[in-house]
Amino acid sequence: MKVLVVEDVAALARTVVQGLTEEGFAVDLAANGEDALHLATELEYDVIVLDRMLPKLDGLEVLTRLRAQGKTTKVLLLTALGEVRDRVEGLDAGADDYLVKPFAFAELVARVRALGRREHGHAKNAVQVGALTLDLAARRATLLGTPLELTAREYGLLELLALRPGETLSRAAITEALYADDEDKDSNVIDVFVARLRRKLTAAGVDGARLIQTRRGEGYRLEPDEDTP
């Protein structure tokens, strides 16, 4: 999942970005409201972690403008303002969740994951696509009961496809979802990840090329085999 963190306190921003990255998220950072609005308008994110008190544009103003543009990205509002009226104001502006500073990082991760699941229509941590099961919290995948040994990028790609079964994703869209904005990106490497995934899926008992299908000129899609138990 791809997350935009909007936080102007440098030390906290570094901690949150590093922690979320270690948890397997692709993370971009904005240090003010104007940059946040630009990134959230131009790029697609699963979740935005948005500080309320920001330079240049207040977090509530950023949120209000995004919703006015029709952006439905899930937003977790971070703030030192913990009064009920402040929470109500944030939720009324379009926030999906609200976390008061100081907070436990584990709670932040849990809330981001929950919002990411909601973004893709999943209420639970487990995603089942045919014989494939993904534990979104543990970032583990099994096929026909066999655990799959995947790298972080391989798991990220499999999760991305599993959350959108039957939907064809272009190489560019996959690259954008798996990499932070400041990382070097090469859409050709996606073909390498797909080839590795297919080999591991085949070794676990399902035709990998049939499960992860190529749509020539379009991209890749996860298409569960209806004959697979």
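One table, with the values for the structure above:
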read-out	value
Within region 197-208, tally of residues that are part of a helix (DSSP H, G or I) and surrounded by fewer than 14 Cβ atoms within 10 Å (Cβ to Cβ)	2
Residue in region 1-12 that is surrounded by fewer than 18 Cβ atoms within 10 Å (Cβ to Cβ), basic (Lys, Arg) and at negative phi present	no
Residue within region 80-90 that is of a type in the set (Val, Ile, Thr) and touching a residue at least 24 places away in the same chain (Cβ under 8 Å) present	no
Unique residue being touching a helix residue (DSSP H, G or I) at 6+ places or on another chain (Cβ under 8 Å), farther than 21 Å from Met53 by Cβ and modelled with pLDDT of 85 or more when the list is Leu158, Leu108, Leu99, Leu163	Leu158
Tally, over region 140-177, of residues that are assigned to a helix (DSSP H, G or I) and hydroxyl-bearing (Ser, Thr, Tyr)	2
Residue check for Glu61: assigned to a helix (DSSP H, G or I), at negative phi and touching a Pro at 6+ places or on another chain (Cβ under 9 Å)	no
For Leu76: the one exception among (1) assigned to a loop (DSSP other than H, G, I, E, B); (2) within 16 Å of the chain's Cα centre (by Cα)	(1)
Hey, Ala137 assigned by TED's automatic domain parsing to the domain that holds Lys200 and either surrounded by fewer than 17 Cβ atoms within 10 Å (Cβ to Cβ) or assigned to a helix (DSSP H, G or I) (or both) or not	yes
Checking Thr151 against (1) among the β-branched types (Val, Ile, Thr); (2) over 17 Å from Leu201 (Cα atoms); (3) assigned by TED's automatic domain parsing to the domain that holds Phe193, the condition it does not meet	(2)
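Matching residues to (1) farther than 26 Å from Leu160 by Cβ; (2) charged (D, E, K, R):
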| residue | (1), (2) |
| --- | --- |
| Val84 | yes, no |
| Glu89 | yes, yes |
| Ala95 | no, no |
| Lys101 | yes, yes |
| Ala104 | yes, no |
| Gly116 | no, no |
| Ala131 | no, no |
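The values are calculated or read from the model by the stated rules, or taken from the named source; none is laboratory data. What you are looking at is a predicted structure, and each value in this text was computed from that prediction instead of being measured. Backbone-built Cβ (ideal geometry, glycine too); neighbour counts: all protein chains shown.
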